[in-house]
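*Asks:* One structure coming up, written as structure tokens, with questions to follow.
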Amino acid sequence: MSMTIAKRVSVLAASIVAALSTSAYAAELVMVEAPGCHYCIEWKKTIGPIYPKTEAGQFAPLVTVDKSEAAPFAAGYATPVVYTPTFILVENGEELGRILGYPGEDFFWALLEQMLEDTTAFQMPG
């Protein structure tokens, strides 16, 4: 009988490890970039350091991927990525929306927040 309990504990521990190793976020913002992309570099310099501290960044954490790599989510890209950076909002493995390019700090935040509010449960405070 103690073997059965030990086996149950082992299975439970494995399940917990598996759950913790997968993404804990329902939504993610995938930034598709390319080497030498001026606008990618500018985004990382201007927005990158503050993004995880914002409401949007906490709701949809950033995942960066090179344009030459496959989509980091199960359903894959809805359409090919042509421009970099391309910001793809993903929830539960499905693409919900995109921002093509980096239009500058003010426009980026407005576009991102609108996309989040239109396609997810995200709500800006206030």
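The values are calculated or read from the model by the stated rules, or taken from the named source; none is laboratory data. Computed from a prediction, not measured in an experiment: that's the story for all the values here. Cβ atoms come from the backbone with ideal geometry, glycine included; neighbour counts cover every protein chain shown.
*Asks:* With (1) surrounded by fewer than 12 Cβ atoms within 10 Å (Cβ to Cβ); (2) more than 22 Å from ALA26 (Cβ to Cβ) as the list, and PRO103 as the residue in question, which single condition is left unmet?
*Replies:* The failed condition is (1).
*Asks:* Is it true that ALA110 is part of a loop (DSSP other than H, G, I, E, B) and either modelled with pLDDT of 95 or more or surrounded by fewer than 16 Cβ atoms within 10 Å (Cβ to Cβ) (or both)?
*Replies:* No, not satisfied.
*Asks:* Is at least one residue of region 85-99 in contact with a Phe, Trp or Tyr (Cβ under 6 Å, 6 or more places away or on another chain) and part of a loop (DSSP other than H, G, I, E, B)?
*Replies:* The answer is yes, given that some residue of region 85-99 is in contact with a Phe, Trp or Tyr (Cβ under 6 Å, 6 or more places away or on another chain) and part of a loop (DSSP other than H, G, I, E, B).
*Asks:* Return only the number of the condition from (1) assigned to a loop (DSSP other than H, G, I, E, B); (2) within 15 Å of VAL32 (Cα to Cα); (3) more than 14 Å from the chain's Cα centre (by Cα) that GLN123 does not satisfy.
*Replies:* Among (1) assigned to a loop (DSSP other than H, G, I, E, B); (2) within 15 Å of VAL32 (Cα to Cα); (3) more than 14 Å from the chain's Cα centre (by Cα), GLN123 violates only (2).
*Asks:* So, in region 62-84, how many residues would count as being under 14 Å from the mean Cα position of the chain (by Cα), crowded, with 16+ Cβ neighbours inside 10 Å and in a loop (DSSP other than H, G, I, E, B)?
*Replies:* Of the residues in that region, 4 qualify.
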